[in-house]
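Take a look at the structure below.
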Amino acid sequence: MTEKKILDVTCGARTMWFNKKNQSALFCDKRMEKHSHLWKNAGNCTLEISPDVVCDFTQLPFDDNSFPLVVFDPPHLTGAKETSWLVKKYGKLDESWPNMLREGFSECMRVLKPDGVLIFKWSEYDIPAADVWKAIGKKPLFGHHSGKKSKTFWACFMKGVD
């Protein structure tokens with residue numbers, strides 16, 4: 001499977017992808033789920049999490065130096081209820097989130113090829129991006145806030161560059 005050029009380690013419902021079946025990408029998530037009727041006003045809308053590979057981003061089943069591009073959009077919620085549609089869509093972090101994100105970041109960097117690029121998407125809904133960079137022990141090369149309230153942060157890291 002490592003003939004793919006892009007690894008999305010937390011694909012969820014692939015909502016950030018323009019082409020949700022991009023042939024260059026390998027989609028991973030620790031969940032395989034389908035939910036119907038999550039939104040009261042959306043009729044028969046379904047949320048499907050259907051990764052190519054079911055795995056945890058803290059223990060990726062790929063060789064070192066396998067992908068030139070890795071996408072990392074980990075769960076960002078800490079206070080939402082387990083039954084909420086937000087948790088069903090995005091997942092949830094527990095109190096060990098700093099260690100989990102550090103391990104996930106380390107795994108993403110491990111599977112990146114030399115000079116490979118990691119795109120890290122973070123929503124500052126519950127945790128500021130500065131706290132995430134502190135937890136992983138590295139600041140991005142550059143990034144950009146987006147969204148209605150500028151609470152989504154897109155960050156770029158490159159293997160071998162500080």
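What tally of residues in the stretch 74-98 results from selecting those that are small (G, A, S) and in contact (Cβ under 8 Å) with a residue 60 or more places away in the chain? First the steps, then the outcome.
Applying the first criterion (small (G, A, S)) to the stretch 74-98 yields 79-80, 84, 91, 96.
Now drop any that are not in contact (Cβ under 8 Å) with a residue 60 or more places away in the chain, which leaves 91.
Total satisfying the criteria: 1.
Figure legend. Inter-residue proximity from the stretch 139-159: first residues part of a strand (DSSP E or B), second residues among the aromatic types (F, W, Y), beta-carbon distance below 6 Å, spacing 6+ or different chains. Indicated pairs: G143/F153; G143/W154; H144/W154; H145/F153; F153/W122; A155/F120; C156/F142. Of the residues making up the stretch 100-132, those that are farther than 18 Å from Q59 by Cα, outside any strand (DSSP E or B) and touching a strand residue (DSSP E or B) at 6+ places or on another chain (Cβ under 8 Å) number 3.
Just checking, which of L69, L47 is crowded, with 16+ Cβ neighbours inside 10 Å, of a type in the set (A, V, I, L, M, F, W, C) and modelled with pLDDT under 95?
Working: L69 fails: modelled with pLDDT under 95.
Matching residue, one of L69, L47: L47.
Scanning the stretch 78-99 finds no residues that are assigned to a strand (DSSP E or B), farther than 15 Å from T10 by Cα and basic (K, R).
Only one residue in D52, D63, D56 is modelled with pLDDT of 95 or more, of a type in the set (D, E), more than 19 Å from D126 (Cα to Cα) and more than 18 Å from the chain's Cα centre (by Cα), so which one is that?
Numbers: D52 fails: more than 18 Å from the chain's Cα centre (by Cα); D56 fails: more than 18 Å from the chain's Cα centre (by Cα).
Result of the check over D52, D63, D56: D63.
The values are calculated or read from the model by the stated rules, or taken from the named source; none is laboratory data. Computed from a predicted model, the values in this text were never measured in an experiment. For neighbour counting, all protein chains shown are included, and Cβ atoms are generated from backbone atoms with ideal geometry for every residue, glycine included.
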